[in-house]
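The values are calculated or read from the model by the stated rules, or taken from the named source; none is laboratory data. Computed from a prediction, not measured in an experiment: that's the story for all the values here. Here the Cβ positions follow ideal geometry from the backbone for every residue, glycine too, while neighbour counts run over all protein chains shown. The protein model used for the area step is the full one, side chains on, heavy atoms only, and it has no ligands, DNA or RNA in it. Shrake-Rupley method; radii C 1.70, N 1.55, O 1.52, S 1.80 Å.
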Amino acid sequence: METPCTQLPLSTPPQVGPAGWTSALGPMNSGSAGRLAVGRVKFFGQHRGEVNSSAFSPDGQRLLTASEDGYVYGWETQSGRLLWRLGGHAGPIKFCRFSPDGHLFATTSGDCTIRLWDVAEAKCLHVLKGHHRSVETVSFSPDSKQLASGGWDKRVVLWEVQSGQMLRHLGGHRDSVQSSDFAPSSDCLATGSWDSAICIWDLRTGTPVTSHQELEGHSGNISCLCYSASGLLASGSWDKTIHIWKPSTRNLLVQLKGHVTWVKSIAFSPDGSQLASAGYSHMVKVWDCNTGKCMETLKVSKVHGCSTQGCRKRPARGGWGQAGLAFPEPSEVLSAGSPGCGPRLCLHPRWETLSVWSC
């Protein structure tokens, strides 16, 4: 059974906004300390396929969504206006991420490539070729100078962002690489795989290319990884658990149990004291990282949207909406992804409440 937690319904009726999305407005940060508050919710529904990934720009002004239809979409977060719909990949787009400096974003695809894009001009700068199968994950280093990618060929590849050249091939995983994240110090890269292992790669100058340590404890695919600002590492797995590690000592600090389906996405609160997680059960959970207790659960409910401005009664065809969540000052923001696979989470740098919906 689900871990018993408070379920917060989206009580404010949806209001029709510009064509293609539906928003529901509610109080921001209205919950008591340590509790979730349901706030403003936006739905973006112009995709022609399921949404596989989403990412906020560092200033919070733009949102990327990567779709199964082979396009990456750029949105203005406040108005919900579609800024661009960019093609070029020859397959579904699996993952997207902004660079920390906000000037670039990267997309990965089933066509075995990574594309680097210029944000200001919305154009492709480099096509990175080196993988032999679908590329499932990509991460920028904190200084935006390097890029790490991984995929079904079991390879982890480091790239130079400015030139698009391959820097290193990191070999060690025994199965598909599904997740990645750089440590805040840039000294290490964490990657997760279908082999149930997490590799921590030492990227300091002068260390061997293959130098890495493994964190073992999961019994399923490592579907998501996330570093906290203090350097702790959270891992979510298809074994339905989340682990929080201290990578420098390889110690498992806490194990979070309560999901009844595969864990798909995780995000730390800005101060690292709480963690939000989502799985395939349309449940978003928030955990106390110190005690390992589930503090809140929000159940995803079906929403009735409108595809044209002025429509108020006819429900949209299909699609699941995820209510936005906020931690009171500061807050963590969750972004939903594929309607068929449960919500996806990403951190909004301004700590506002936003959600993505694919129709």
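Brief remarks follow.
- The single residue among Gly49, Gly70, Gly87 that is closer than 29 Å to Val127 by Cβ, over 20 Å from the mean Cα position of the chain (by Cα) and modelled with pLDDT of 75 or more turns out to be Gly87.
- Any hit, segment 157-167, residues being crowded, with 23+ Cβ neighbours inside 10 Å, of a type in the set (Gly, Ala, Ser) and either in a loop (DSSP other than H, G, I, E, B) or within 21 Å of the chain's Cα centre (by Cα) (or both): no
- Within segment 71-94, the residues that satisfy the criterion of being outside any strand (DSSP E or B) and over 27 Å from Cys226 (Cβ atoms) are Ser79, Arg81, Gly87, Gly88, Ala90.
- Output for segment 71-121, where each listed residue is aromatic (Phe, Trp, Tyr) and either under 18 Å from Gly164 (Cβ atoms) or surrounded by fewer than 17 Cβ atoms within 10 Å (Cβ to Cβ) (or both): Trp84, Phe95, Phe98, Phe105, Trp117
- Inspection of segment 203-219 finds a residue satisfying the criterion of being under 24 Å from Val260 (Cα atoms), at pLDDT 90 or above, open to solvent by less than 30 Å² (accessible area, probe 1.4 Å) and not in a strand (DSSP E or B).
- Taken over segment 184-199, the criterion of being under 15 Å from Ser141 (Cβ atoms) and within 16 Å of the chain's Cα centre (by Cα) is satisfied by Ala190, Thr191.
- Output for segment 274-292, where each listed residue is modelled with pLDDT of 85 or more, surrounded by 15 or more Cβ atoms within 10 Å (Cβ to Cβ) and assigned to a loop (DSSP other than H, G, I, E, B): Cys289, Gly292
- Total residues in segment 146-156, condition open to solvent by 40 Å² or more (accessible area, probe 1.4 Å) and at pLDDT 95 or above: 1
- Among the residues of segment 95-137, those identified as under 22 Å from Leu225 (Cα atoms), in a strand (DSSP E or B) and not hydroxyl-bearing (Ser, Thr, Tyr) are Phe95, Cys96, Arg97, Phe98, Leu104, Phe105, Ala106, Ile114, Arg115, Leu116, Val135, Glu136.
- Some residue of segment 222-229 being part of a strand (DSSP E or B), open to solvent by 60 Å² or more (accessible area, probe 1.4 Å) and touching a Gly at 6+ places or on another chain (Cβ under 6 Å): no
- Pairs are defined by a Cβ separation below 8 Å, a sequence spacing of at least 6 or placement on different chains, a first member in segment 88-99 that is polar (S, T, N, Q), and a second member that is part of a loop (DSSP other than H, G, I, E, B) and crowded, with 19+ Cβ neighbours inside 10 Å; the pairs so defined are Ser99/Val161.
- Hey, Ser235 farther than 23 Å from His89 by Cβ and open to solvent by less than 10 Å² (accessible area, probe 1.4 Å) or not: yes
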